[in-house]
1. Please verify whether the range 303-316 includes one or more residues that are of a type in the set (Val, Ile, Thr), surrounded by 12 or more Cβ atoms within 10 Å (Cβ to Cβ) and closer than 30 Å to Val63 by Cα.
2. So, in the range 180-227, how many residues would count as being in contact with an Asp or Glu (Cβ under 6 Å, 6 or more places away or on another chain) and free of Cβ contacts under 8 Å to residues at least 24 places away in the same chain?
3. I'm trying to understand the selection: among the residues of the range 345-373, which are at pLDDT 90 or above, assigned to a helix (DSSP H, G or I), surrounded by fewer than 16 Cβ atoms within 10 Å (Cβ to Cβ) and of a type in the set (D, E, K, R)?
4. Listed residues Thr78, Thr127, Thr65, Thr104; which is free of Cβ contacts under 8 Å to residues at least 40 places away in the same chain and β-branched (Val, Ile, Thr)?
5. Looking at (1) in contact with a Lys or Arg (Cβ under 9 Å, 6 or more places away or on another chain); (2) open to solvent by 90 Å² or more (accessible area, probe 1.4 Å), which one does Asn253 not meet, given that it meets all the others?
6. Restricting attention to the range 18-36, which residues are open to solvent by 100 Å² or more (accessible area, probe 1.4 Å) and either in a helix (DSSP H, G or I) or within 18 Å of Leu143 (Cα to Cα) (or both)?
7. Every residue in the range 341-356 that is within 23 Å of Gln298 (Cα to Cα) and touching a helix residue (DSSP H, G or I) at 6+ places or on another chain (Cβ under 8 Å), please.
8. Would you pick out the residues in the range 89-110 that are part of a helix (DSSP H, G or I) and surrounded by fewer than 15 Cβ atoms within 10 Å (Cβ to Cβ)?
Amino acid sequence: MDSMLQEKGQTLRQLMQAFIDERLAAKLEKLEPDDPKYAELQEQYRFDSWIEDAARRVGQLQVVTHTLKAVHPDAKGTNLFIPPNALPDTPWVGSHLLGDDYATDVVGNAAALDVYKFLKLEFQGQTLLSLALEQNAELLDALSADPGKAREFLEAFASITQGKGGDRSSTRAKQVYWLVGDEPTRNEDFHLLSPLYPSSLSHRIFQRIQHDRFSEEAKAARQARRENKLFVTGHADYPNSATQKLGGTKPQNISQLNSERGGNNYLLASLPPLWHSRDNRPPLMIESVFPRFMRQKQSRWLMGRLVRFLKINPPANRHTRMQVDAYVDALIEELVLFSAHLHQLEPGWSTDPDCRLVEAEQLWLDPWRVELDENFAARRTFGDWVEEVQSRFANQVNKVLSGLPAGDAEHREWSRRIDKKLNALREVLDV
């Protein structure tokens, strides 16, 4: 077993030595052998000397997934290393979607980036950094013949993922007051957030757009489209996108990944959608619109995510409540959009003999009929249709969650959450 350990240690040593020799050769290339600096560099790039110096300089770097300098190049504060699979699952696009396949970034003194390249060397499918984080015995054996020094070097390299000092923001960082309570007039119901730049996510987006725009596959797909021919894949376009340059002529001062992108960071268009008219027919021959609403693409997706989340039986804590709230709020927003679409129909469509909707849903979805029908207007103004619509919505949600522990308490919660939305909609319509 010791011989196998020693053999792997020797292979690791050879890998590291080759990296050091390659860097030395690049520096000696422009020097004559009799140049005093020639011998100085040879001494500096001896294995033991270089490893000791790298273990010292690694303290000038930090491996991160979220950076601060991309927000402002002069900001000095905390950067974070948070693996995507350690982030909470949300229904929005975010770093959590990267899973285990993501690129780490590095910030700090650009002159020490060679140490990070050293730690990215791969041995049997693992980087030297991952081996250092695991306190790998073979790597320990390869770093130095002195066990004390080897341990010191290993711990120094492993510390590259740790922040230096305590958590702190910067006067040049962006800050956002975020409501975490229920009362926006109370200061204590807010948290002050300092958003960081999602470097790993931005790098993945950059790589995806570069592939979609410039890969041979994408070019061939576009050519086939121009020639009206079939192709094995489709292609993606990103209209109205822009490029933000970070770091100016020295993108490495922002981060390593930013340097690899040449400072280029894509910005996707943040524009209101251009609504295209579709066949908007009144919901006739049905008793309720909720089954139709639940079949819509976005509604199905949101409910599917909620069901999957609840099926893992999450703990009854604040994080779980916030997660469920996010899904339910998004579903309510979809319901408001769904109803607004039907409000565009010709007023009075609910008087059609084929309209079989319960009256509460007619009062909800045909609001402008009040201008044509005084009795309808009175029932809409003084009736309890809002409560009935709330209840019907809650019933539909509970029906989807029928295989999960959702009963009277959950029913009351769905109703409570939609209450403000429907009442706010009635106020907007001023009826």
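1. Checked the range 303-316: no residue is of a type in the set (Val, Ile, Thr), surrounded by 12 or more Cβ atoms within 10 Å (Cβ to Cβ) and closer than 30 Å to Val63 by Cα.
2. The number of residues fulfilling the criteria is 4.
3. Glu359
4. Within the list Thr78, Thr127, Thr65, Thr104, the selection yields Thr127.
5. Among (1) in contact with a Lys or Arg (Cβ under 9 Å, 6 or more places away or on another chain); (2) open to solvent by 90 Å² or more (accessible area, probe 1.4 Å), the lone unmet condition for Asn253 is (2).
6. Glu22, Pro36
7. In the first step, residues of the range 341-356 are kept if they are within 23 Å of Gln298 (Cα to Cα); the result is 341-345.
Hits for the range 341-356 are Leu342, His343.
8. Correct list: Leu97 only.
The values are calculated or read from the model by the stated rules, or taken from the named source; none is laboratory data. This one's a predicted model, so the numbers in the text were calculated from it and none came from an experiment. Here the Cβ is made from the backbone with ideal geometry for all residues, glycine too, and neighbour counts use every protein chain on show. Please note that ligands, DNA and RNA were not included when accessible areas were found on the heavy atoms of the full protein model with its side chains. Shrake-Rupley method; radii C 1.70, N 1.55, O 1.52, S 1.80 Å.
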